[in-house]
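I have placed the structure first, in the form of structure tokens, so that the comments after it can refer back to it.
The values are calculated or read from the model by the stated rules, or taken from the named source; none is laboratory data. Worth saying up front: this structure is predicted, and the values here are computed from it rather than measured. Glycine also receives a Cβ, built like all others from the backbone with ideal geometry; neighbour counts cover every protein chain displayed.
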Amino acid sequence: MYNKFNDFSISLFIWQTLIILSIGLWIYCLIDIFKNKFAQNDKIIWTLVVILIPFIGSLLYLYIGKNKKLKLN
């Protein structure tokens, strides 16, 4: 008798979940960068950081870059 749960790998499930979350974070950061205004060339720089260093760049943007946005009235 074949049991479907024998093929289930918890480590594979965790990796897939982490990859999906990091892609979601990456997309969220890119959308947030494109929707807001930044001083001088900061928008280009943050876009490159998030694209070229996907997970770490997204975290850096969330901690540092969100404070660099221009405040609009």
- Among (1) out of contact with any helix residue (DSSP H, G or I) (no Cβ under 9 Å at 6 or more places or on another chain); (2) surrounded by fewer than 10 Cβ atoms within 10 Å (Cβ to Cβ); (3) modelled with pLDDT under 90, which single condition is Tyr63 missing? (3)
- Query: Between a first residue in segment 1-26 that is within 27 Å of Thr47 (Cβ to Cβ) and a second residue that is at pLDDT below 85, which pairs have beta carbons less than 7 Å apart while being 6 or more apart in sequence or on different chains?
  - Reply: Ser22/Pro54; Trp26/Pro54
- Considering each of Ile45, Ile56, Ile33, Ile27 in turn, give the residue that is modelled with pLDDT of 95 or more, under 16 Å from the mean Cα position of the chain (by Cα) and either of a type outside the set (S, T, N, Q) or outside any helix (DSSP H, G or I) (or both). Ile27
- Query: Can we say Phe55 is among the aromatic types (Phe, Trp, Tyr), surrounded by fewer than 16 Cβ atoms within 10 Å (Cβ to Cβ) and over 21 Å from Ile20 (Cα atoms)?
  - Reply: no
